Every structure is written in C-alpha cells, then in structure tokens.
Amino acid sequence: MNRTFPIESALIAALDAGDFVRRHGNSLSELLHMIAGDCGLDLYCEAERLLDGLSPDPVGVGRAVREMRDLLADADAPADRYAAALRWHGARLTDLASRLPA
C-alpha cells in the first residue's frame, strides 16, 4: 500500500536522515563495509551524496535508507561481534524509512 506524504513532513524526514548520517556516519559506513564490502560502502556514499545540500530529495533518500536497512537486516554478523551495532543501526534506519516516501 502506498502512503501519501505531505511534502513538508517528507522533507523534514529527509533532513532527519541527513542529521543521522552526519552524527553516526562513521560507524554506519564501517558496518556496511564490513558486511557487504565495497557494495555496502557504495550504498552509504550514495545516501551521503543524496543528503548533501539544503533540500534533499525525500524519495531518493527513502530508497537509499531502505537499501541500507535491508542490507543490515540480511547480514549475518560473524560470532555476533557486530550484533548490537546491526540492531541499533537497523532500528534507526527502520524508523527513518517509515517516515520517508517510497
């Protein structure tokens, strides 16, 4: 089911995603790289590129956030070393994705 998002709330959600990436980007990019190698890092860099600027595209940001979330959800952390980081980042990305248009 497609939901409609008022443009103002979608933009605020995209800006919140940008704030999250600025604050937690180091650990998120390391986690994505550890899990998926260059593919994970490319996803992170794409999200960062989409979030650069004063008015990011909420649809593009939503797609990027969902792709990162899905990558983390499908990950098998070796010996649960990264389990807490996977859960924390996954939960936050899920929250952000729920507020962004598909």
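The values are calculated or read from the model by the stated rules, or taken from the named source; none is laboratory data. Being a predicted model, the structure only gives us computed values, none of them experimental. With ideal geometry, Cβ positions are generated from the backbone for all residues, glycine too; neighbour counts draw on all protein chains shown.
Counting only residues that are assigned to a helix (DSSP H, G or I) and free of Cβ contacts under 8 Å to residues at least 12 places away in the same chain, which one in the range 73-85 is farthest from the chain's Cα centre (by Cα)? Across the range 73-85, the extreme among qualifying residues is Ala79.
The set of residues in the range 45-69 that are among the charged types (D, E, K, R) and over 13 Å from Leu31 (Cα atoms) comprises Glu46, Glu48, Arg49, Asp52, Asp57, Arg63, Arg66, Glu67. The set of residues in the range 53-72 that are without any contact (Cβ under 8 Å) to a residue 12 or more places away in the chain and among the charged types (D, E, K, R) contains only Asp70. Taken as a whole, the condition of being of a type outside the set (Val, Ile, Thr) and free of Cβ contacts under 8 Å to residues at least 24 places away in the same chain does not apply to His89. Among the residues of this structure, Leu96 does not count as one that is closer than 18 Å to Arg23 by Cβ, surrounded by 15 or more Cβ atoms within 10 Å (Cβ to Cβ) and either of a type in the set (D, E, K, R) or modelled with pLDDT under 95 (or both). If the condition is being farther than 29 Å from Leu11 by Cβ and buried (at least 17 other Cβ atoms within 10 Å of the Cβ), then the range 46-84 contributes Ala75, Tyr82. Please verify whether Ser55 is farther than 15 Å from Ala85 by Cβ and touching a helix residue (DSSP H, G or I) at 6+ places or on another chain (Cβ under 9 Å), treating the condition exactly as stated. Judged against the criteria, Ser55 is a match.
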